[in-house]
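*Asks:* Structure incoming, see below.
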Amino acid sequence: MRVWSVFAPRPAKCHCACAVRFFLLLKRLLLTTRSNRMSDESLNRNFAPYAADDGEDYMNEAQLAHFRSILEAARKTMMEDIDRTVHAMQDEATVFADPNDRASQESDIALELRNRDRERRLIKKVDEALTRIHEGEYGYCDNCGVEIGLRRLEARPTATLCIDCKTLDEIRERQMGK
Ligand SMILES: [Zn+2]
């Protein structure tokens with residue numbers, strides 16, 4: 001039983017509970033690593049950068065279609081992640097009836113909820129970007145109206161500000177924070 005003791009610090013009451021805990025831990029690790037990878041900068045991880053021809057119009061149909069695919073694929077992945085997390089949490093809620101198990105489970109749930117909250121905010125940003133594509137505003141700075149640029153959008157498909165406005169914003173934020 002030495003193997004199990006890594007996952008269950010207290011002496012195992014029954015092998016069955018240990019096996020379940022081990023399985024759930026494994027499942028959680030998979031879930032956490034998966035959702036941790038999803039961020040503003042990783043939305044495009046499965047897409048090759050758009051190859052623009054010389055003199056091509058900024059935000060033409062092909063470019064918009066490229067960013068729409070990135071955003072829609074990211075949205076789908078995140079929704080599936082959230083579904084999986086909810087199911088995993090439901091599984092655990094029914095498994096752990098022991099108060100000691102519940103205590104550690106509650107901190108785990110808090111972590112899951114934080115991850116989900118982060119993901120939900122990112123989904124909101126993705127949805128807003130899709131709306132901007134639909135309304136023909138995608139790719140232009142919200143603040144000054146200049147082109148955000150393919151390279152910046154490629155790195156951060158949900159960007160709403162050009163790099164200059166974003167930098168100013170961050171400086172202002174830092175000053176307010178002091
Ligand atoms: Zn700007």
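*Asks:* Can you pull out every residue in region 128-152 that is part of a helix (DSSP H, G or I) and within 13 Å of the ligand (Cβ to nearest atom)? Steps first, please.
*Replies:* Of all residues in region 128-152, those part of a helix (DSSP H, G or I) come to 128-134, 150-152.
Scanning region 128-152 gives a single hit, Arg152.
*Asks:* Here is a follow-up. Regarding region 55-77, can at least one residue be identified that is in contact with a Ser or Thr (Cβ under 6 Å, 6 or more places away or on another chain) and surrounded by 12 or more Cβ atoms within 10 Å (Cβ to Cβ)? So that I can check it myself, show each step before the final result.
*Replies:* Kept after step one, since they are in contact with a Ser or Thr (Cβ under 6 Å, 6 or more places away or on another chain), are these residues of region 55-77: none.
The answer is no; no qualifying residue exists.
*Asks:* May I pose another question? So Leu122 fits all but one of (1) in a helix (DSSP H, G or I); (2) among the aliphatic types (A, V, I, L, M); (3) out of contact with any helix residue (DSSP H, G or I) (no Cβ under 7 Å at 6 or more places or on another chain); what number is the exception?
*Replies:* Of (1) in a helix (DSSP H, G or I); (2) among the aliphatic types (A, V, I, L, M); (3) out of contact with any helix residue (DSSP H, G or I) (no Cβ under 7 Å at 6 or more places or on another chain), only one is false for Leu122: (3).
*Asks:* Please give the number of the condition Lys124 fails out of (1) more than 16 Å from the ligand (Cβ to nearest atom); (2) in contact (Cβ under 8 Å) with a residue 60 or more places away in the chain; (3) over 16 Å from Ala65 (Cα atoms).
*Replies:* Failing condition for Lys124: (2).
*Asks:* With respect to the numbered conditions (1) surrounded by 13 or more Cβ atoms within 10 Å (Cβ to Cβ); (2) part of a helix (DSSP H, G or I); (3) hydrophobic (A, V, I, L, M, F, W, C), which one is the sole condition not fulfilled by Ala103?
*Replies:* Failed condition: (1).
*Asks:* For region 153-172: of the residues being away from the ligand (no atom under 12 Å from the Cβ) and free of Cβ contacts under 8 Å to residues at least 24 places away in the same chain, which is farthest from Asp54 (Cα to Cα)? Working first, answer last.
*Replies:* Filtering region 153-172 for residues away from the ligand (no atom under 12 Å from the Cβ) gives 153-158, 170-172.
Subset that is free of Cβ contacts under 8 Å to residues at least 24 places away in the same chain: 170-172.
On the way: Glu170: 33, Ile171: 35, Arg172: 37 Å.
Looking at the filtered set, the residue picked out is Arg172.
Coordinate-derived values only; no laboratory data. Owing to the predicted nature of the structure, the values given are computational and were not obtained by experimental measurement. Positions of Cβ are backbone-derived with ideal geometry, glycine not excepted, and every protein chain shown enters the neighbour counts.
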